[in-house]
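Taken together, the values in this text are just the output of simple stated rules run on the coordinates, not laboratory data. Treat the numbers as computed from the prediction; the structure is a model and nothing was measured. Here the Cβ positions follow ideal geometry from the backbone for every residue, glycine too, while neighbour counts run over all protein chains shown.
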Amino acid sequence: MRAVDLIAAKRDGAEHDRAEIAFLLDGFLAGTVATEQMAAWCMAVVWRGLSDREIDDLCDVMVHSGDVVDLTPLGRPAVDKHSTGGVGDKVTIALTPLVAACGVPVAKMSGRGLGHTGGTLDKLESIPGYRIALEIPELVRVVGEVGCAVVAQTARLVPADAALYALRDVTATVLAPGLIATSVMAKKLAAGAQAMVLDVKVGNGAFCRTLDEARELARLMHGLGTRAGRRVVCEITRMDAPLGRAVGNALEVAEALDVLRGDGPPDLVEIVRTSAGRLLRLADPALDEAGAAARVADAIASGAALETARRWIAAQGGDARVVDDPWAVMERAPIVLPVPAPRAGTVHAVHALEIGLAAVHLGAGRSRKEDPVDHAVGIVLAARPGDAVAAGDPLAFIHARSDAGAAECARAVAAAYELADVPYSPPPIVVETIGA
C-alpha cells in the first residue's frame with residue numbers, strides 16, 4: 001500500500017476501505033506518510049468528499065489513536081454537549097451545572113477561541129484559580145463527586161485529530177464537511193458520554209453560513225454518533241446576532257451565571273433550558289418533555305443549579321465566590337464607553353461576525369493560537385434585534401483598557417447595527433431539531 005496511490009484514488013473519486021484510512025492516518029502520526037502527502041489527500045477530500053462509511057471508519061481510527069475515557073465508574077449515563085461555535089456562546093457555563101443539578105452527570109471537554117469565535121476555556125479562566133488541565137482519572141473523580149466538570153482535551157485524547165486539524169488549518173482544507181464532522185465526533189466519542197446534544201450554529205457569525213450547510217453538518221454528526229451507539233440530538237440555532245448580550249470572557253461568565261439565577265437574556269435562556277431538557281430526556285428516555293422542563297425549572301428555582309455551580313468551580317480550583325458576586329472575583333475593564341444610536345428606529349440586525357471581530361481587536365479573542373486573551377474586555381449589547389431605540393440611546397457598552405481602544409471598538413460596533421423605521425420581530429433562536 002502506498003500513500004500516493006491512495007491520494008490518486010481519492011482524487012479520482014474512489015472510496016477507501018478502513019485499512020486504507022488507517023494506513024494514511026497512522027502513517028501520518030508515525031511520520032511514514034509525509035506531511036505534503038496528507039495535505040494532498042485532505043485537498044482531494046475537499047473536492048471529492050467522503051462517504052458515510054468512510055466517515056465512520058475515519059472517526060473510529062481517530063478515536064482509537066489515543067486514550068478513550070471510561071465513564072462507567074460513575075454508575076449512571078453521562079452526557080455531553082457541543083457547539084460549533086459563535087459569538088457570545090456561553091451556554092456550556094450555564095448548562096453544565098444545571099444538568100448536573102438535575103441528577104445527570106456532565107463530562108465536558110472544551111476548547112479555546114480562535115478568530116471571532118469565543119472559547120469556553122478562555123471564559124472559565126476568567127475565574128481566578130480555575131484549572132482546565134485535569135488528567136482523565138481526576139476528571140472522572142470530579143464528575144463523580146460534583147456531577148460535572150469542564151476541562152481541556154488531554155494530549156492523549158484523539159491525537160490523530162489534533163495533528164490532522166493543525167495540517168488542515170494551514171492548507172485551506174478545513175472546509176470539508178466529512179472532516180469537520182469526524183473531528184468533532186471523534187473527540188465526543190472518545191470522551192465517553194453516552195448521550196449528547198450538538199448545537200450547530202447557522203448565520204453571519206457561524207461556521208455554517210446557510211441552513212443547507214448546517215443541515216448537512218448536523219446530519220453527518222448525528223449519523224456518526226448514532227451509528228456508534230450514542231443517543232444524539234442536533235439543534236440548529238441562529239447565529240446572525242450574538243447570543244445573549246455579553247461578548248467577552250468575564251462578561252460572559254457573569255451572564256451565564258445570571259441564567260442559573262432565573263435571569264438572563266431570553267435567547268440564551270431558551271437555548272440553555274431547551275438543551276438541558278433534551279439532555280435529561282436522552283439520559284432517561286422514560287422522561288417526557290414536560291417532566292424534563294419541570295426538573296430544569298425546579299433546579300433553577302430551588303437554587304440547586306447555583307449550588308452545583310459553586311461546587312463544580314471549587315472542585316476545579318476556582319474561586320466559587322464568583323457564583324454569587326462575579327465582580328468581587330473577576331477583573332473588570334477600567335473603561336466603559338457607551339455606543340449611542342445615530343437615530344431613532346428599531347434594531348433589525350446586529351451582525352455577529354462584526355461584533356466578534358470587534359471584540360477580538362479589543363483583546364477579548366485571538367487571531368492566532370498563541371495570542372494572549374484579555375479576560376476583562378468585551379462588549380455588552382444594550383439593544384438587540386427587535387428593540388426600539390431613540391437617538392442617543394446606548395446600542396452597546398464597550399469594556400476596554402484604553403480610551404483609544406474603546407473608541408475604535410465603538411465605531412466597529414456601531415457599524416454592526418442596522419436600524420429601520422418599521423417594527424421587527426426576530427425569528428426563533430432554535431431553527432430545527434434532528435433526532436429528537
Quiz item: Using the Cβ atoms and a cut-off under 11 Å, what net charge is assigned to the surroundings of VAL69, where Lys and Arg are +1 and Asp and Glu are -1?
Solution: -1
Quiz prompt | Separation between Cα centres of segment 161-233 and segment 293-342, rounded to whole Å | solution = 29
Quiz item: Based on the Kirkwood radius over alpha-carbon pairs, what is the Stokes-Einstein translational diffusion coefficient of segment 3-49 at 37 °C with 0.692 mPa s viscosity, in µm²/s?
Solution: 316
Self-check item: ALA314-ASP70 pseudo-label distance in nm [points 7 Å out on the Cα-to-Cβ vector]
Solution: 3.1
Self-check item: Net charge of neighbours whose Cβ lies under 10 Å from the Cβ of LEU287, counting Lys and Arg as +1 and Asp and Glu as -1
Solution: -1
Practice problem: When a/c is below 1.5 the answer is rounded, else prolate if a/b is larger than b/c, else oblate, so apply that to segment 312-434 with a ≥ b ≥ c taken from the square roots of the Cα gyration tensor eigenvalues. | Solution: prolate
Quiz prompt | Relative packing of 416-428, 78-90, 301-313, 252-264, which averages over residues the other C-beta atoms within 10 Å, highest first | solution = 78-90, 252-264, 301-313, 416-428
Quiz item: Nearest 10 degrees, 0 to 90: what angle lies between the long axis of helix 352-362 and the longest principal axis of the chain (Cα atoms)?
Solution: 80
Exercise. Please pull out the direction-averaged projected area of segment 154-295, using the convex hull of its alpha-carbon atoms, in nm² to one decimal place.
Key: 10.0
Practice problem: Just subtract the alpha-carbon distance of THR433 and ALA228 from 0.36 nm times their residue separation and send over the number in nm, one decimal. | Solution: 71.8 nm
Quiz item: How much net charge surrounds CYS59 when only other residues with a Cβ under 14 Å from its Cβ are counted (Lys, Arg +1; Asp, Glu -1)?
Solution: 0
Practice problem: Let me know the volume per residue of the alpha-carbon convex hull for segment 72-326, in Å³. | Solution: 117
Quiz item: What Kirkwood hydrodynamic radius do you get for segment 16-109 when you take the inverse of the mean 1/r over all pairs of distinct Cα atoms, in Å?
Solution: 16.5
Self-check item: Using alpha-carbon coordinates, inclination of helix 403-416 to the longest axis of the chain, degrees
Solution: 80
Practice problem: Give the angle, between 0 and 90 degrees and rounded to the nearest 10, that separates the Cα long axis of helix 304-315 from the longest principal axis of the Cα atoms of the chain. | Solution: 60
